[in-house]
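To start, the structure itself, in structure tokens.
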Amino acid sequence: MLWRMARWQPDARGRLEQAALTLYGDRGFDNTTVAEIAERAGLTKRTFFRYFADKREVLFWGAQALEELFVTAVAAAPESAAPLDAVAAALDAAATMFEERREFAARRQQIIAATPELQERELIKLASLAGAVAAALRRRGVGDPAAILTAEAGITVFRVAFERWVDRANRQDLQPLIHESLEELRAVTAA
């Protein structure tokens, strides 16, 4: 089937994202090319590369925005907030952002789980996020190793809640799952 390539059509990024998710789901990440994604979206390869550096970036392009959201929320927490409470504020902010993208997040997670290269990239993204949160905690006056431990614990809480949230059998919202995971962490550390 030939697609008519228009000079400009709205929401090119979104169309490329959806085309990539569909193709990754149908054929697998490794068996999908940039050209196929662009064609499926009705765009050119050149347009693809305006939005994404490579086909992995379709799944990871929002990492910087997520990191900024976490850092901003940690910084905005009340001065009197304990380090874990400041991170909890960031987790709540992330939950709000993700809630509107649940279907995308679930499909993305399935693709990542099926591809070792993407699993590694996801771990790198989470490590970078933990590093940024630890730096934000240090700017609040939290010393090491407390800043590192708190940041790593917060990202683990996020990851555990997120994995439960994208599970198709689960219909709970992300924020309550984050709170449950955070309470579990508090319970095991208090014991």
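Every read-out reported here was derived from the displayed coordinates using simple, explicitly stated rules and does not represent laboratory data. Since we're looking at a predicted model, the values are computed, not measured. Note that we place each Cβ from the backbone using ideal geometry, even for glycine, and neighbour counts take in every protein chain shown.
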**Request:** Taking 7 Å along the Cα-to-C-beta vector as the label spot, tell me the GLU79-ALA113 distance in nanometres, rounded to one decimal.
**Result:** 4.5
**Message:** Among SER80, LEU59, GLY143, which residue has its Cα furthest toward the positive end of the charge dipole of the chain, with +1 on Lys/Arg Cβ and -1 on Asp/Glu Cβ?
**Reply:** LEU59
**Request:** Rounded to whole Å and ordered largest first, report the semi-axes of the equivalent ellipsoid of the chain derived from its Cα gyration tensor (root of 5λ).
**Result:** 35, 17, 14
**Request:** Along Cα→Cβ, 7 Å out, is where each label goes; now give me the distance between the ones at MET97 and ALA53 in nm to one decimal.
**Result:** 1.8
**Prompt:** Which length gain, in nm to one decimal place, applies between GLU68 and THR189 when the Cα-Cα distance is subtracted from 0.36 nm times their residue separation?
**Reply:** 40.8 nm
**Prompt:** Roughly how many Å is it from the Cα centre of the stretch 67-95 to that of the stretch 158-191, as a whole number?
**Reply:** 17
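What number, in percent, do you get for the relative contact order of the chain if the mean sequence gap of Cα pairs under 8 Å and at least 6 apart is divided by its residue count? Don't jump to the answer; show the numbers that get you there.
On the way: 180 pairs, mean separation 35.0, N = 191.
The value is 18 percent.
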